[in-house]
Amino acid sequence: MDPIKRLCAAMDEGIDAALITSGPNRFYFTGMASSAGTLFITREKAYFLIDFRYIEKARDTVKNCEVVLQDDLMEQLGELILRHQVKTVGIESRYMTISAFEGFSGGLPAEVLRDGRLQSAIDALREVKTPEEIAHLQRAQDLTDEAFRFILPYIKPGVSEQDLILELGVYMERHGSENRDINMIAISGKKTSLPHGRADTKKIESGDFVMFDMGFVIGGYHADMTRTVAVGKVSDEQRKVYATVLEAQRRALDAVRAGVPCAEVDRVARDYIDGAGYRGCFGHNLGHSVGIEVHEDPRLGPASKAVLKAGGCVTIEPGIYLAGRFGVRIEDMVIVTEDGCDDLTHSDKSLIIL
């Protein structure tokens, strides 16, 4: 079913219309990526208002609602509200700023609801992926696996982290990644103890761990994968930490299935890491959902109240980070099923020593 029709079916009966202004949700409901545009969905009809820069593309791309050239947005929305006798308008409470809410609330002839009912309906739709979405995710991850195999021969002493980022960026661009704002991690040595460290001119040395966190974007959908490899040699402790993270991930993957609380999957990995002597060294959530955005809800962490649903796409990425020394993270992206999960990630997880 068309996503706009699915949203109308899922919307609380107290919401007459939906106001969509965020880039991710505009793309989800219209199939068009843009930096502007307003989607207004009533129970009878949907409208996509967009300015001259994108109007030609919108008329060619958007097929499930009427495309309207934006002029005076408030006036145009007001006319649509009166035409469809809309009394209440739901908003994306996660994305809309206070100033934008106040502008719409004061400028439209309807009650603009500041609660999270519309957001909850959208989240529920986006959490469960359609077969088409899963195909995009799998293709993005397949290309990410290929990129990882591509970069391995470049990892050697004397090569800088920035060199690795540039090689990967060019490779991904040439092979069709839609992400022009490349936000990858390629860090080495002591910096691997920083979960979101940034690459710089540091050169790789023998004995370093090198950590990659990367992913293609295909059809608007993200892949997300982390691998940690070693250069030249490893210490006994490096081997132990790597083996601990790998086993923690294996146990968590075995725990994934529809109906299991997200916090429970996190607990499986966290308890194993704590029991191996690394309590306090795994300071982030076990994972998160992935789709149009690389970080979506629900999250898999100790504070999560969510339950995994069949068709959800989540990461499983335990890590151990020893401050000032080194860190290891291993991340796979999986599709939740009724009786387990389908792992979309196929890159080698054994300890690679280059």
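The values are calculated or read from the model by the stated rules, or taken from the named source; none is laboratory data. None of the values given here were measured: they were computed from a predicted structure. Virtual Cβ from ideal backbone geometry, glycine too; neighbours counted across all protein chains shown. Areas reflect the complete protein model, heavy atoms only, side chains present, ligands, DNA and RNA absent. Shrake-Rupley method; radii C 1.70, N 1.55, O 1.52, S 1.80 Å.
Summary of computed values
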quantity	calculated
Residue, farthest from the chain's Cα centre (by Cα), within region 1-26, restricted to residues that are hydrophobic (A, V, I, L, M, F, W, C) and open to solvent by 40 Å² or more (accessible area, probe 1.4 Å)	Ala9
Of the criteria (1) without any contact (Cβ under 8 Å) to a residue 60 or more places away in the chain; (2) under 20 Å from Thr130 (Cβ atoms), which one Val334 fails	(1)
One residue from Leu354, Leu344 being at pLDDT 95 or above and crowded, with 17+ Cβ neighbours inside 10 Å	Leu344
Those residues of region 129-163 which are closer than 30 Å to Tyr28 by Cβ, among the hydrophobic types (A, V, I, L, M, F, W, C) and open to solvent by less than 50 Å² (accessible area, probe 1.4 Å), in sequence order	Ile134, Leu137, Ala140, Leu143, Ala147, Phe148
Residue ID - most open to solvent (accessible area, probe 1.4 Å), chosen from residues in region 78-98 that are modelled with pLDDT of 95 or more and polar (S, T, N, Q)	Gln85
Region 225-259: number of residues that are outside any helix (DSSP H, G or I) and open to solvent by less than 10 Å² (accessible area, probe 1.4 Å)	8
Residues being out of contact with any helix residue (DSSP H, G or I) (no Cβ under 7 Å at 6 or more places or on another chain), within 27 Å of His175 (Cβ to Cβ) and open to solvent by 10 Å² or more (accessible area, probe 1.4 Å) - total across region 196-207	3
Positions within region 47-58 being open to solvent by 10 Å² or more (accessible area, probe 1.4 Å) and in contact (Cβ under 8 Å) with a residue 24 or more places away in the chain, in sequence order	Lys57
Unique residue being part of a helix (DSSP H, G or I) and either aromatic (Phe, Trp, Tyr) or surrounded by 15 or more Cβ atoms within 10 Å (Cβ to Cβ) (or both) when the list is Val268, Val210	Val268
Residues of region 164-193 satisfying the condition of being over 20 Å from the mean Cα position of the chain (by Cα), aliphatic (A, V, I, L, M) and assigned to a loop (DSSP other than H, G, I, E, B)	none
Check on Ile41, in contact with a Gly (Cβ under 7 Å, 6 or more places away or on another chain), closer than 29 Å to Glu127 by Cα, modelled with pLDDT of 95 or more and among the aliphatic types (A, V, I, L, M)	no
Hits in region 277-305 - residues which are polar (S, T, N, Q) and either open to solvent by less than 20 Å² (accessible area, probe 1.4 Å) or within 20 Å of Tyr28 (Cα to Cα) (or both)	Ser289
Given (1) more than 23 Å from Arg139 (Cβ to Cβ); (2) assigned to a loop (DSSP other than H, G, I, E, B); (3) of a type in the set (Val, Ile, Thr), index of the condition Ile292 fails	(1)
Enumeration of residues in region 306-330 that are part of a strand (DSSP E or B), buried (at least 22 other Cβ atoms within 10 Å of the Cβ), within 18 Å of the chain's Cα centre (by Cα) and not polar (S, T, N, Q)	Gly312, Cys313, Val314, Ile316, Arg329
Matching residues, region 213-222, being surrounded by fewer than 24 Cβ atoms within 10 Å (Cβ to Cβ) and either modelled with pLDDT under 95 or not in a loop (DSSP other than H, G, I, E, B) (or both)	Asp213, Val217, Ile218
